[in-house]
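Data first, discussion second: the structure below is written as structure tokens.
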Amino acid sequence: FAMLRASKKVLGMNARNLTYIRPNNLKKAKRLADDKLASKRMLKRAGVAVPDLIAKITSVHELEQFDWNALPASFVVKPNNGFGGEGIIVVYGRKKGRTDAWVKSSGGMITADDIRTHVRRILDGEYSLSNTPDIAFFEQRLKLTPEFRPYAYRGIPDIRVIVYNMVPVMAMLRLPTKESDGKANLQQGGIGVGIDMARGVTTTAVQGKSRIIDYVPGTRLLLSGVKIPYWNDILHLAVKSQVASGLGYLGADIAIDRDNGPVILELNARPGLSIQVANLAGLQRRL
């Protein structure tokens, strides 16, 4: 990566902000992308597939009145203005013999009291972009597609696509690991795998922020050469989300549901630059 950086093809944070984000992403569009619930409503109106909303909690009063028995067996809890995957809990199913306890993606148990405490932290703004009071919401947990089952640890992979001027320029597959607690997040120890944009096939991989790897940890399963299902549909979905959002430069996070195919998880008005490490290629030239 040092050699790649020296080639001056790598897009740095300042160049990203000054050259691409500031002139192409208006404040109104950035606020929309930062607000997950507003983004979900906007995308749905535009005919873009998103996970179903189950419920939301906007205040301590609503939290105290919330009916935990109304939640389905599996769901995802998210902060509305969260970032970097912080504050997200994935619940797989009810604990056998319990009505007030569930099993998390990591395999551990979580009770209604645990979720109540977590939601209170979300409401207090612990996971929000600016540490201001936030909203907690519950949404549909997507089901793992068979093609990704050998590569994902207790979670759903997603595909980050960078789109500029309605052109998808770079993408990576993000895989959940044991270290990331079943979340497809590089900052928490997940795996990022570069994707050949023309063929939709994986190339190089990195775990965390910079550790180059060839295999799924603990296996001899190669991370390169994996064909991404629905590849053309994923690219079309990413571009469609950009048109709907009004963002000129964005990172679209897309997951593949076993039953419904590709759906938009969220939009990023300031997508991170680790995608360059995963692809061992710089964004600057492509942009």
Binned at 10 Å from zero, the C-alpha pair distances of segment 137-287 give percents of 12, 45, 36, 7, 0
Its Cα gyration tensor gives segment 12-78 an equivalent ellipsoid whose semi-axes in whole Å, largest first, are 33, 15, 12
Segment 1-130: Kirkwood hydrodynamic radius (Cα pairs, Å) comes out at 17.6 Å
Over all Cα pairs of the chain, the Kirkwood radius sets Rh, and Rg/Rh then becomes 0.96
The extension gain from SER130 to LYS178, computed as 0.36 nm times the residue separation minus the Cα-Cα distance, is 14.4 nm
Once all protein chains are kept in place, MET166 shows an accessible area at probe 1.4 Å, nearest 10 Å², of 120 Å²
With no solvent term and unit scatterers on the alpha-carbon positions of segment 72-164, Debye gives log₁₀ I(q)/I(0) at q = 0.11, 0.20 Å⁻¹ of -0.37, -1.03
Straight-line reach check, LYS227, cutoff 20 Å on alpha carbons, 8 or more apart in-chain or any other chain, hits among lysines -> LYS143
Contact order relative to length for the chain, counting C-alpha pairs under 8 Å separated by 6 or more residues, stands in percent at 22 percent
The correct ranking of PHE83, PHE75 by accessible area at 1.4 Å, largest first, is PHE83, PHE75
Calculated from DSSP helices alone, with each H run of at least 4 adding -39500 (n - 2.57) and the total divided by the residues of the chain, [θ]222 nm to the nearest 500 comes to -6000 deg cm²/dmol
Filtered hits (lysines, Cα-Cα < 19 Å from LYS96, offset >= 8 within chain) -> LYS104
Mean projected area, convex hull of alpha-carbon positions in segment 95-141, reported to one decimal in nm², is 3.9 nm²
Helix 231-245 sits off the longest principal axis of the Cα atoms of the chain, rounded to the nearest 10 on a 0 to 90 degree scale, by 80 degrees
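The values are calculated or read from the model by the stated rules, or taken from the named source; none is laboratory data. Please read these numbers as outputs of a predicted model, since none were measured by experiment. Areas reflect the complete protein model, heavy atoms only, side chains present, ligands, DNA and RNA absent. Shrake-Rupley method; radii C 1.70, N 1.55, O 1.52, S 1.80 Å.
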